[in-house]
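The values are calculated or read from the model by the stated rules, or taken from the named source; none is laboratory data. Keep in mind the model is a prediction, meaning the values are calculated, not measured. Cβ placement follows ideal geometry from the backbone for every residue including glycine, while neighbour counts extend to all protein chains displayed. Heavy atoms of the whole protein, side chains included, go into the accessibility calculation; ligands, DNA and RNA do not. Shrake-Rupley method; radii C 1.70, N 1.55, O 1.52, S 1.80 Å.
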Amino acid sequence: MSRLTGILHRKGLIHLNRIVLLLVLVQTLRAQEMPGLVNSNFAGVSSVMINPANLVLSKNYFDIHILTFQTFTQNNLIYIPGEDYRITNFLNPEDELPKYPPDNNNFLYYRNSLDKFAFNQQRIMGPSAMIMYGDHAFALHTAARTHLSATNIPYEIGVFSIEGLRYDPLFNINFWSKNERISAMAWGEIGLSYAWAFKKEFRDHWSAGVTVKRLLGYSAGFMKVEELDYMVLNDSTINIRSLTADAGFSVPVDYDSNLYPDDGPFLKGGGFGMDIGFAFTRMKQGFQRYNPNQICAYPYSDYEYRLGVSILDFGAARFGTHTQLHRYEDVSLLWVNYDSVNYTNLNQLASEFSELFTGDPNASLTADRFTLGLPTALSVQFDYHYRRNIYLNATWVQALPVWKYSLIRPSQIAFTPRYETDWFEVSLPLSLFQYRIPRVGASVRVGYLTVGTERLGTWLGMADLTGIDFYASFKFNLRKGKCFKKRTTDYCDNEEYGFTIKQLRLFKKRVK
């Protein structure tokens, strides 16, 4: 997808927006919610990504996770028509992108007045494990994540970024906007999860779960524009009447020489994050008191429906190594010959901006540290067991940026019907991304391998190419109620899975 994201930055904008390019270059990987994976009753440790309370509701009592790879990118500015190009064409490096007049660009752009957004995420979940004992479940997970979000970007900035300042239909128009956010971070995390079925009353099952994550920050950058009032006078002059904005960065690059990596420590920051969730499950049958000698013997109890609520990625990372925070408070500038300004490194860029807007090359630098929040979100999930192996799931995710500087999680509503058995599962997620963009996906699990996408139409060339979505997971797990015993069946001694051969023989003797 690097070829497509590179298109976004081939043309210049104003120097403020070149910071966006620097943030994108920080991202070496790209990622989203994976409804076909996390909502499954066989999700195991992966279920903590949507609600940690679901750990005790799994059909597995033991789960060893090997690897999950998730990549996702989406924007509503540029696109390639589906009939001209497919994602699969990117697999062939010799296959050239289509070109469109009048400038022979490799893309088209949406000519509407909607605010623009872009999301670029990736998660690589490494070795992880989950074990359940009775009403308690414990999990450990490791992951490497990146996240880039750009929200509330005015449409005219998107036009200027593609057409350049020579686009005269937008000359001499007063543009005003606020609350524009561009943020990026790359980090690792180590998480510990605990879930507890704290109440069982006849057919009602209540559970709670929490995940505490240690964050290991590798790089970060952001720009938050509180207010921007400007007018483009001609192809070389911008009248910035008022600008209030913050910008910060902590990246592994020498700010004077552009050498990568810099000679500082690998980790530039750190912090903590947390997921917390609750779930109510209406079971098909009431609970029976049963205390087996082996953890594998605890039976799985089927349910009618499950309702869950969770707060995801609540927390932040503090960066204080190789870090700069710049502040521009209600500054203005009549920028003549904008197109003649050049810079060769980050320090020169920062000092040049400061001198242009304040008259002092060091005035904008206000701190050598900043805190960047995780992509916090509220999630509500409803899972209905329709009949036998058929389930219907509805999930709502709403972004909650609780920090002054924060990554933004995409909001969406998804409806996911699925067919689920021990060794085979298929689901068809239907989602409304950012409450605007309809998408159709598909996910298939065969044994321990799951692959899926939330953009099936894009892969098939049936929709415009505005991004990609793909995930794959490989793990090993053990089913509740099934134990490894010699000279017997695979069933444990419980009413859920029947009697052993030994028990049946004893029963026949009693009958005689």
* Over all distinct alpha-carbon pairs, what is the Kirkwood Rh of segment 135-237 in angstrom? -> 18.3
* To do: Could I have the simple spin-label model distance between Glu96 and Asn174, label points 7 Å from Cα toward Cβ, reported in nm to one decimal?
  => 4.7
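Mind ranking 233-240, 384-391 by how tightly packed they are, going by the mean number of other C-beta atoms within 10 angstrom, highest first? Walk me through the intermediate numbers first.
Details: 233-240: 15.6, 384-391: 13.8.
The packing order, highest mean first, is 233-240, 384-391.
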* Structure fact -> Looks like segment 372-454, by Cα gyration tensor root eigenvalues a ≥ b ≥ c and the a/c under 1.5 rounded cutoff (else prolate when a/b is bigger than b/c, oblate otherwise), is prolate
* Accessible surface of the chain [probe 1.4 Å, protein heavy atoms]: carbon and sulfur percent -> 59
* What's the angle, to the nearest 10 degrees (0 to 90), between helix 15-26's Cα axis and the longest principal axis of the chain? -> 40
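Once you compute Rg and the Kirkwood Rh from C-alpha atoms, what is the Rg to Rh ratio for segment 243-283? Each step should come with its number before you reach the end.
Working: Rg = 20.2 Å, Rh = 14.8 Å.
Ratio value, two decimals: 1.36.
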* To do: Using a 1.4 angstrom probe on the protein heavy atoms only, line up Arg86, Arg418 by accessible area, largest first.
  => Arg86, Arg418
* **Sites Trp403 and Phe198, calculated FRET efficiency, Cβ-Cβ separation with R0 22 Å, nearest 0.05** => 0.10
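Working out 0.36 nm times the residue gap between Asn112 and Asp330, then minus their Cα-Cα distance, what length gain in nm do you get to one decimal?
75.5 nm
Going through the cross-link list Lys59/Lys268; Lys200/Lys482; Lys59/Lys213; Lys199/Lys482; Lys213/Lys284; Lys99/Lys268, which pairs have a Cα-Cα distance over 31 Å in this structure?
Details: Lys59/Lys268 40 Å; Lys200/Lys482 23 Å; Lys59/Lys213 25 Å; Lys199/Lys482 25 Å; Lys213/Lys284 35 Å; Lys99/Lys268 41 Å.
Going by Cα-Cα distance, Lys59/Lys268; Lys213/Lys284; Lys99/Lys268 fall outside the 31 Å limit.
When ligands, DNA and RNA are left out and all protein chains stay put, how many square angstrom of accessible area per residue does the chain have with a 1.4 Å probe?
Numbers: 23240 Å² over 512 residues.
Heavy-atom SASA per residue in the chain reads 45 Å².
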* Asked: Mean residue ellipticity at 222 nm from the helices of the chain, using -39,500 (n - 2.57) per DSSP H segment of n ≥ 4 over the full residue count, to the nearest 500 deg cm²/dmol?
  -> -3000 deg cm²/dmol
* Asked: Between the helical axis of 501-511 and the dominant principal axis of the chain, each derived from Cα atoms, what acute angle in degrees is found, rounded to the nearest 10?
  -> 30
* Asked: In nm, to one decimal, how far is the Phe484 label point from the Thr88 one, both placed 7 Å along Cα→Cβ?
  -> 4.0
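Ranked highest first by the average count of other Cβ atoms within 10 Å around their residues, in what order do 38-47, 422-431, 186-195 fall? Could the numbers behind the result be given before it?
On the way: 38-47: 26.3, 422-431: 17.7, 186-195: 21.1.
So the order, starting with the most tightly packed, is 38-47, 186-195, 422-431.
From the Cα gyration tensor of segment 90-189, with a ≥ b ≥ c the square roots of its eigenvalues, which class applies: rounded if a/c is under 1.5, or else prolate if a/b is larger than b/c, or else oblate?
Working: a/c = 4.10, a/b = 1.96, b/c = 2.09.
Oblate is the answer for segment 90-189, as a/c is 1.5 or above yet b/c matches or exceeds a/b.
Sequence gap at least 6, Cα distance under 8 Å: using those rules, report the relative contact order of the chain to the nearest whole percent. Let's see the in-between values first.
Details: 1371 pairs, mean separation 85.3, N = 512.
Answer for the chain is 17 percent.
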* Structure fact -> Helix 346-358 sits off the longest principal axis of the Cα atoms of the chain, rounded to the nearest 10 on a 0 to 90 degree scale, by 60
* Structure fact -> Taking a ≥ b ≥ c as the square roots of the eigenvalues of the Cα gyration tensor, with a/c under 1.5 meaning rounded and otherwise prolate when a/b exceeds b/c and oblate if not, segment 265-318 is oblate
